[in-house]
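Structure first, commentary second.
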Amino acid sequence: QVNLVESGGGLVQPGESLRLSCLVSGGVFMIYTMDWWRQAPGKEREFVARIDSGGTTKYADSVKDRFTISRDNAKNTVHLQMNSLKPEDTAVYYCRLFDFGSWGRGTQVTVSS
């Protein structure tokens, strides 16, 4: 059974940065495609970014050029570097293992002055 645990959320001011991490255990991490999604209050969960086993990335238009997804196969971890954060980025951020449809429990990101 694969387990996903997110970390790195918090409260930041507009324009600041945060780095989220997702530790994956119980599987063969290096072959998986990994996603980040987010859900703001009162809204549906939405796709943020994806990285496949070869390192190819994909981003939602709303975060392109501000967010960067990366992976460390030696540490079974996927990261989301978030720069130039905006209040509209406020949400619970979830890690998803695309191949199995598995989700972590999420980490809260709040952007507010």
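The values are calculated or read from the model by the stated rules, or taken from the named source; none is laboratory data. All values reported here derive from a predicted model rather than from experimental measurement. Here the Cβ is made from the backbone with ideal geometry for all residues, glycine too, and neighbour counts use every protein chain on show. Surface accessibility is based on the protein's heavy atoms, side chains included, excluding ligands, DNA and RNA. Shrake-Rupley method; radii C 1.70, N 1.55, O 1.52, S 1.80 Å.
So, of the residues in the stretch 4-46 that are free of Cβ contacts under 8 Å to residues at least 40 places away in the same chain and at positive phi, which turns out to be most open to solvent (accessible area, probe 1.4 Å)?
For the stretch 4-46, the residue satisfying everything is Gly42.
Would you check if there is a residue in the stretch 74-85 being under 21 Å from Ser113 (Cα atoms) and either open to solvent by less than 30 Å² (accessible area, probe 1.4 Å) or free of Cβ contacts under 8 Å to residues at least 12 places away in the same chain (or both)? So that I can check it myself, show each step before the final result.
Step one: list which residues in the stretch 74-85 are under 21 Å from Ser113 (Cα atoms), which gives 81-85.
Checking the rest, the ones that are also either open to solvent by less than 30 Å² (accessible area, probe 1.4 Å) or free of Cβ contacts under 8 Å to residues at least 12 places away in the same chain (or both) come to 82, 85.
Yes, the stretch 74-85 has at least one match.
If you check Ser70 against the conditions, is it surrounded by 13 or more Cβ atoms within 10 Å (Cβ to Cβ) and within 18 Å of Cys22 (Cα to Cα)?
Details: surrounded by 13 or more Cβ atoms within 10 Å (Cβ to Cβ): yes; within 18 Å of Cys22 (Cα to Cα): yes.
Taking the combined requirement at face value, the residue satisfies it.
Of the residues Gly101, Gly54, Gly106, which is within 16 Å of Glu6 (Cα to Cα) and out of contact with any strand residue (DSSP E or B) (no Cβ under 8 Å at 6 or more places or on another chain)? Full working, then the answer.
Working: Gly54 fails: within 16 Å of Glu6 (Cα to Cα); Gly106 fails: out of contact with any strand residue (DSSP E or B) (no Cβ under 8 Å at 6 or more places or on another chain).
Residue meeting the stated conditions: Gly101.
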